[in-house]
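> The structure that follows is given in the form of structure tokens.
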């Protein structure tokens with residue numbers, strides 16, 4: 001029964017929240033948000049397992065898909081859409097699929113989440129296959145659209161990860177890896193855009209960032225794949241080159257212009273090689289800057 005789920009229960013700390021002064025309302029919300037990080041901490045082993053299994057599948061030619069409805073779907077689309085500007089990853093590498101399609105990003109398409117067949121159809125449309133990975137996101141752990149997507153992913157031999165905010169859910173039981181961040185009741189009863197949504201965003205940040213780190217899209221904590229497509233990113237790229245190579249900002253700008261990318265500029269300077277040789281070493285290292293530099 002939906003009404004018996006922890007995410008649908010009434011939180012005792014907020015039952016009289018409409019009678020409180022604004023500062024007290026916000027204090028309750030803030031206090032309950034402090035419970036999110038410890039809840040995620042208890043699932044770190046499962047999140048790590050997901051990262052470690054998704055990364056090699058992508059390296060072998062697979063893709064990462066997020067499937068969800070409502071807030072869960074929007075958060076999946078958000079995380080996927082942030083990967084290309086952050087890591088310069090191909091747009092198809094990480095994809096968010098939401099019940100109701102693009103319209104559901106801005107408007108509620110409530111009935112869409114009740115159709116498991118649509119969850120399957122949306123993956124079929126994208127050519128979802130055995131090398132791909134699916135993270136099915138459902139705060140309640142029971143969204144039919146997500147269950148349909150997971151069942152299809154399993155049927156083609158893909159990796160499945162269930163992300164829910166309750167324990168022992170249908171989504172968790174169906175998936176190869178279960179991430180169950182137990183948030184308990186929401187500040188506003190059933191409003192999983194709040195604590196469950198925050199927890200979901202944090203976990204998706206971990207999954208995509210962890211995967212990109214494993215794939216070599218960063219060097220230390222620097223986004224060395226960043227593309228200088230606007231003034232802010234031009235400045236960031238220049239600072240990264242200067243930081244790694246120890247040159248001045250002006251010399252870093254010149255290296256960037258000559259090398260065409262942050263990684264190539266760094267290899268050129270650190271190894272004293274041409275752009276052509278830098279690009280060859282990077283290609284040989286599958287884009288991993290540390291490996292191209294000969295570091296362990």
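> Considering segment 62-93 alone, what residues qualify as being outside any helix (DSSP H, G or I) and more than 22 Å from residue 196 (Cα to Cα)?
62, 63, 88, 89, 90, 91, 92, 93, listed by residue number.
> Checking the condition touching a helix residue (DSSP H, G or I) at 6+ places or on another chain (Cβ under 8 Å) and farther than 27 Å from residue 212 by Cα, which residue from 52, 43, 8 passes?
8
> Counting only residues that are assigned to a loop (DSSP other than H, G, I, E, B) and without any contact (Cβ under 8 Å) to a residue 60 or more places away in the chain, which one in segment 285-294 is nearest to residue 220 (Cα to Cα)?
This residue is 293.
> Would you say residue 24 is part of a helix (DSSP H, G or I) and modelled with pLDDT under 95?
Against the criterion (part of a helix (DSSP H, G or I) and modelled with pLDDT under 95), residue 24 does not qualify.
> Please go through segment 280-292 and pick out each residue that is buried (at least 18 other Cβ atoms within 10 Å of the Cβ) and farther than 14 Å from residue 224 by Cα.
281
> Now for a different question. Of the conditions (1) in a loop (DSSP other than H, G, I, E, B); (2) closer than 23 Å to residue 207 by Cα; (3) free of Cβ contacts under 8 Å to residues at least 60 places away in the same chain, residue 45 fails just one. Which one is it?
All conditions are met except number (1).
> Then there is this: Quick check on residue 140: is it in the same structural domain as residue 63 (by TED's automatic domain parsing) and in contact with a strand residue (DSSP E or B) (Cβ under 8 Å, 6 or more places away or on another chain)?
yes
The values are calculated or read from the model by the stated rules, or taken from the named source; none is laboratory data. Fair warning: this is a prediction, and the values are worked out from it, not measured in the lab. Glycine gets a Cβ as well: all are built from the backbone with ideal geometry, and neighbour counts include every protein chain shown.
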